[in-house]
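Novice: Quick one: the structure is below, questions incoming.
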Amino acid sequence: MLPVNPHEGWTPLVPDTMPNGSPDMLISPLRPDLCLSYANTLSWRGTRAPAESLRDFAGLLGWLERAAGMDAAAMREVARWSDRQPRRAARVFAEAIGLREALYRVLSRLAAGTPRRRDLAMLQQALADAPVRRHLVEMRSAYAWRIDTSRPSVPHLLAPVLWSAGDLLAAGDRRRLRQCANDACRWLFIDASRNATRRWCDMASCGNRAKARRHYLKAKGGLI
Ligand SMILES: [Zn+2]
């Protein structure tokens with residue numbers, strides 16, 4: 001997949017020839033751990049065949065609607081545009097995946113210590129290019145952020161992911177950031193346990209598997 005090079009700029013979702021651009025996008029709810037969910041859309045990173053849940057641009061739009069709180073009407077409009085511009089949509093998708101991988105590297109390194117400067121610079125650039133959280137609008141029984149998308153690009157589509165990453169890095173929660181102790185899994189998660197000793201993304205899957213394996217190895221060695 002193509003790496004994102006911030007110096008080359010982001011591919012705009014809407015070509016200059018389209019006069020009105022896409023409609024404003026509403027984002028609600030804004031999940032604080034969204035950056036982790038996005039980084040985790042590639043599962044089983046420690047295996048030879050990681051499981052990809054974002055296969056194409058349409059898959060990305062579906063995820064943005066389901067997980068990131070982007071409103072369905074705006075996603076439909078972007079989908080209609082991408083049907084007309086498949087090559088440009090493929091470039092935007094490649095940039096979105098390149099940014100996901102940079103984000104994963106930043107967060108996984110942060111869980112163990114310090115991110116690499118180059119990866120952090122990519123995240124910083126994407127955040128600088130993302131729309132600001134300025135317009136809070138009322139919905140029927142909730143509130144949403146409204147972003148202007150007159151010239152949308154990856155930092156616009158991934159705005160809630162980027163905001164979430166910036167908030168995580170700038171807040172104390174980063175000390176609770178963990179990478180799953182299952183080497184095949186390597187998902188990222190926030191350890192909300194009282195004594196901050198959680199090791200697995202999910203006790204029912206990765207945790208039990210690790211316990212079962214330890215038990216098996218002990219039994220095999222005649223230790224129990
Ligand atoms: Zn796991």
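The values are calculated or read from the model by the stated rules, or taken from the named source; none is laboratory data. Bear in mind the structure is a predicted one, so any value in this text is a computation, not a measurement. Glycine also receives a Cβ, built like all others from the backbone with ideal geometry; neighbour counts cover every protein chain displayed.
Novice: Kindly establish whether residue 113 is touching a residue at least 24 places away in the same chain (Cβ under 8 Å) and surrounded by fewer than 18 Cβ atoms within 10 Å (Cβ to Cβ).
Specialist: No, not satisfied.
Here's the yes/no breakdown for (1) over 23 Å from residue 97 (Cβ atoms); (2) touching a Pro at 6+ places or on another chain (Cβ under 8 Å); (3) not in a loop (DSSP other than H, G, I, E, B):
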| site | (1), (2), (3) |
| --- | --- |
| 137 | yes, no, yes |
| 140 | yes, no, no |
| 164 | no, yes, yes |
| 185 | no, no, no |
| 205 | yes, no, yes |
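Novice: On to the next question. Would you be able to tell me the number of residues in the stretch 153-186 that are farther than 24 Å from residue 45 by Cβ and touching a strand residue (DSSP E or B) at 6+ places or on another chain (Cβ under 8 Å)?
Specialist: Residues in the stretch 153-186 being farther than 24 Å from residue 45 by Cβ and touching a strand residue (DSSP E or B) at 6+ places or on another chain (Cβ under 8 Å): 2 in total.
Novice: From the list 91, 100, 80, which one is modelled with pLDDT under 90 and of a type outside the set (Phe, Trp, Tyr)?
Specialist: Within the list 91, 100, 80, the selection yields 80.
Novice: Can you name the helices (runs of 4 or more DSSP H) wholly within the stretch 27-127 that have at least 3 residues being more than 11 Å from the chain's Cα centre (by Cα) and under 18 Å from residue 189 (Cα atoms)?
Specialist: Output list reads 86-112.
Novice: If we scan the stretch 131-149, do we find a residue that is farther than 20 Å from residue 66 by Cα, modelled with pLDDT under 95 and touching a His at 6+ places or on another chain (Cβ under 7 Å)?
Specialist: For the stretch 131-149, residues farther than 20 Å from residue 66 by Cα, modelled with pLDDT under 95 and touching a His at 6+ places or on another chain (Cβ under 7 Å): present.
Novice: Can you name the residue in the stretch 180-209 that is touching a residue at least 24 places away in the same chain (Cβ under 8 Å) and more than 9 Å from the ligand (Cβ to nearest atom) and, of all such residues, is nearest to residue 36 (Cα to Cα)?
Specialist: 188
Novice: Also: Is it the case, given these coordinates, that residue 201 is more than 30 Å from residue 9 (Cβ to Cβ), under 19 Å from the mean Cα position of the chain (by Cα) and modelled with pLDDT under 95?
Specialist: It is true that residue 201 is more than 30 Å from residue 9 (Cβ to Cβ), under 19 Å from the mean Cα position of the chain (by Cα) and modelled with pLDDT under 95.
Novice: Looking at the stretch 142-162 only, could you name the residues that are in a loop (DSSP other than H, G, I, E, B), surrounded by 19 or more Cβ atoms within 10 Å (Cβ to Cβ) and in contact with a Gly (Cβ under 9 Å, 6 or more places away or on another chain)?
Specialist: 149, 152, 153
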